[in-house]
Structure formats: structure tokens, C-alpha cells
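Inspection log for the structure reproduced underneath, given as C-alpha cells.
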Amino acid sequence: MYQQKRYRGKINLKKPKVFYNRKVLNTLLTPFFEDPNKDKTLADLCFKHVFVEKKDELNPYEKIISKDVRNWFVNSKMVACLHVNSICANDLFDVRVPLKMANMYYKWYSPKIIRAAIKDSSYESLDPLIHTHTGYVFSPDINVITLQKIIKKSYKLYVLGGVIDGYVLKYDDFLKYGSMDILATQFGLVQILQNASGVNINRQLTHHQTTLVNRLKQIGTDETTSKKDEEQSVPV
């Protein structure tokens, strides 16, 4: 039977012996400059805390880009928000070309620039849709049907919602309002109102106004005739 025994007693785990070479190496590697994080708390050392403080700060170039994005929102009758999955540049190019031919323009901006562009405007309701995976399609015309046909060909882009005529709409309302023929709908509404009122809606709505105008004209003509009569009755 054999039993191993350590030479010259036990090892001190709390204060281990440091040999000369290791001691020299530790002395050389000891930093001689001040610690930049010496007086900082755990909240200050947190990376997310620093990111939250600086996320709203825009550099001069980003400010120029945010103004350009604001002009896109203001001058576009239709703005579609798209969720963009992982897609290569060639596939995205195949989508942007038919969009450009239909007078629609695909853009992508960082969430910081988009939030700065829509700040203090009626487009702030788009904030829940703003993400790094969100793309934007701007168009001076309302053409949701063509947009759907082009997007459906690519299985990596999906419509989330958008803006039509300055109104922020969710997905269902965006598709319904965008595919609606406004002139036909207005004509149908006029027909319904006329049928409900017995084809006299225009006369009923303007009855009081026309009556008031006729009375004022009558009063004005009576006053002018009375003045003429008085002038003729004065002896020369």
C-alpha cells in the first residue's frame, strides 16, 4: 500500500507562496495609471445606462438626414411601414425597382433618426412600429393595391401599417382605406342622403339661409324705395 505525502507540510491556500519570478512579473504588470472608473457607481458603469442617455443625441449629419425624412413624411400622401426580415441586397433591389416604377420609394433609417423626424408632429403614433427591422415606402399617390402586389412577391417584407392623407392607420384600416375608391364612395354617400331625404336634401339644408337672404334683400329694396319717395316729395 502506497500513500502520497506532500513534501514539507501543507500549502497555505489563503496566503500562497509567491516565487521570485512570479513576484517580479506581478510588479511589472501592476498598472501605474489611475483607474477611470474609480469613483463610478454600478449604474454609471452599466452600458445600457450610457446608451439611454446618448440615444437621443444627433450629430450634425443625422440632423440633416432627419430633416430630409420629415420632408418625405410631409410631402407623401401614403407612407407604408414594412417589417423587413433578413434579406440580401439583390432581393431588396428586385423589390425597389418595381416600387420605383410605380412612383414609390423604399427607404430605411435608424430608429433614432425616424423618432427625431416625427417628433412634435401628427406622426408620433408610429412610434410602436419604429424598429431597426422596419422599412418605409413613401409615395405621393395612394396606391395600396400595387404596393401589396409588389410586396407579396417577396416573402421577406410585410406591411405593418402606415399613414394615408396624414392619418396614422393600423394594418386593416390601412389596407381598407387605401384600396377604397374615394370618388365612388362619395357618390354613393350622396345618393343615399338624397334618397333618404326625398331628393330634397340640398333645398332642406339651405332653406334657412335662402330665406334669410331673401328677407334681407326685401328689407334693402324697401328702404331704397322709401328714400326715393321721400326725395321726390320734397318741394323745390
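Numbers for the structure displayed
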| quantity | calculated |
| --- | --- |
| Selection status of TYR136, surrounded by 14 or more Cβ atoms within 10 Å (Cβ to Cβ), under 23 Å from PHE93 (Cβ atoms), out of contact with any Pro (no Cβ under 6 Å at 6 or more places or on another chain) and of a type in the set (Ser, Thr, Tyr) | yes |
| Sole exception among (1) in a loop (DSSP other than H, G, I, E, B); (2) open to solvent by less than 50 Å² (accessible area, probe 1.4 Å) for ILE114, by number | (1) |
| Pair list, Cβ < 8 Å and 6+ apart or interchain, from segment 28-46 residues that are exposed (fewer than 10 other Cβ atoms within 10 Å of the Cβ) to residues that are among the aliphatic types (A, V, I, L, M) | ASN37/LEU45 |
| Residues located in segment 129-171, provided they are part of a loop (DSSP other than H, G, I, E, B) and not hydroxyl-bearing (Ser, Thr, Tyr) | ILE130, HIS131, HIS133, PRO140, ASP141, ILE142, ASN143, LYS156, ASP165, GLY166 |
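The values are calculated or read from the model by the stated rules, or taken from the named source; none is laboratory data. All values derive from a computational prediction rather than experimental measurement. Cβ atoms come from the backbone with ideal geometry, glycine included; neighbour counts cover every protein chain shown. Note: accessible area is taken over every heavy atom of the protein model, side chains too, but ligands, DNA and RNA are not part of it. Shrake-Rupley method; radii C 1.70, N 1.55, O 1.52, S 1.80 Å.
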